[in-house]
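Participant: Following this message is one structure expressed as C-alpha cells.
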Amino acid sequence: MARPREFDEGVALEAAMQRFWADGYASTSVRDLGDAMGLGQASVYNAFGDKRTLFTQCLDRYLDANMRSRIARVESTLPPRQAIEAFLSEIVERSMESRLGCLLANAALEVAPHDTDIADVVAERMAELESFFRRCVIAGRKDGSISPDADPADAAQLFLTTVMGLRVLARGYPKRAVLEGAVRQALSVLGKPRRKPNPSTRT
C-alpha cells in the first residue's frame, strides 16, 4: 500500500509557483524547487512529475488565483463593456503593484520560444483570455454598449495583446500614465454605445 503524502500539496505548489515567478523557469532548478517546497528532489518528481509538468501545474495555480478568478468575477457581476474596462483597469493596478510581471507573460517570453510543450500550454491559456474578451464584445454589441462595427475577433486579439504588453512594459517602465493611455486607446475600438447598458445585464 502506498504511503500517504506527508505534506500539503497546495502549500508545496504555492511555494514552487512563487519560486518560478521570482526567478524564472531556466534559473530555477529542481533542487531549488525542492528547497522551496520543503521536499527532496525525489519527492518532487514522485509527487509532481518533471520540471515542465510542475511548471504547468504552477502556471494553472497562478491563473486560477488571478486571470481566471478575475474573469469569473467581472463577467458575472458587470455588463459586458464594463467587464472589459474593469479587467483592463485591474491589470494596470496589478502591474503597478508588482515588478514580477505576469507568470503567463513571463512564460511566453522566457520558456515558450525554446520549449514547444510549454508554448502549447501558454497558447491554450492565452486563448482563455481571448475568449473572455470575445464573449464580452459579442454580448456588448447585443446590449448596445459596444458599437456593431467592433469586430469581436479583432477586438479580442487586441485586448489580449494589450494585456500581455502592459504586463511586460510595466516590469521595466512602470508609468501609470503610459499604461492607462494604452488601455484608453485599446478601448476606443469598442466605439460609442448605441444606448446605455442595463445595469442588470450579464455577459
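The values are calculated or read from the model by the stated rules, or taken from the named source; none is laboratory data. Just so we're clear, the structure is a prediction, and the values are computed from it rather than from any experiment. With ideal geometry, Cβ positions are generated from the backbone for all residues, glycine too; neighbour counts draw on all protein chains shown.
Participant: Return the residue satisfying two criteria in turn: it lies in segment 175-193 and is loosely packed, with under 14 Cβ neighbours inside 10 Å and part of a loop (DSSP other than H, G, I, E, B), and of such residues it is modelled with the highest pLDDT.
Facilitator: Across segment 175-193, the extreme among qualifying residues is 175.
Participant: Check residue 86 against each of (1) farther than 23 Å from residue 122 by Cα; (2) assigned to a loop (DSSP other than H, G, I, E, B) and name the one condition it does not meet.
Facilitator: Status for residue 86: all satisfied but (2).
Participant: Only residues that are under 22 Å from residue 101 (Cα atoms) and surrounded by 13 or more Cβ atoms within 10 Å (Cβ to Cβ): list them for segment 38-60, please. Show your work before the answer.
Facilitator: Step one: filter segment 38-60 for residues under 22 Å from residue 101 (Cα atoms), giving 51-60.
Once the filter is applied, which keeps residues that are under 22 Å from residue 101 (Cα atoms) and surrounded by 13 or more Cβ atoms within 10 Å (Cβ to Cβ), segment 38-60 yields 51, 52, 54, 55, 56, 57, 58, 59, 60.
Participant: Residue under question is residue 74, and the condition is that it be part of a helix (DSSP H, G or I) and within 17 Å of residue 159 (Cα to Cα); does it hold?
Facilitator: Details: part of a helix (DSSP H, G or I): yes; within 17 Å of residue 159 (Cα to Cα): yes.
Against the criterion (part of a helix (DSSP H, G or I) and within 17 Å of residue 159 (Cα to Cα)), residue 74 qualifies.
Participant: Residue by residue through segment 77-113, note down the ones that are among the β-branched types (Val, Ile, Thr) and under 30 Å from residue 194 (Cα atoms). Spell out how you get there, then give the answer.
Facilitator: So in segment 77-113, the residues among the β-branched types (Val, Ile, Thr) come out as 77, 84, 91-92, 111.
Passing the criteria: 77, 84, 91, 92.
Participant: If you go through segment 144-174, how many residues are more than 15 Å from residue 101 (Cβ to Cβ) and not in a helix (DSSP H, G or I)?
Facilitator: Of the residues in segment 144-174, 8 are more than 15 Å from residue 101 (Cβ to Cβ) and not in a helix (DSSP H, G or I).
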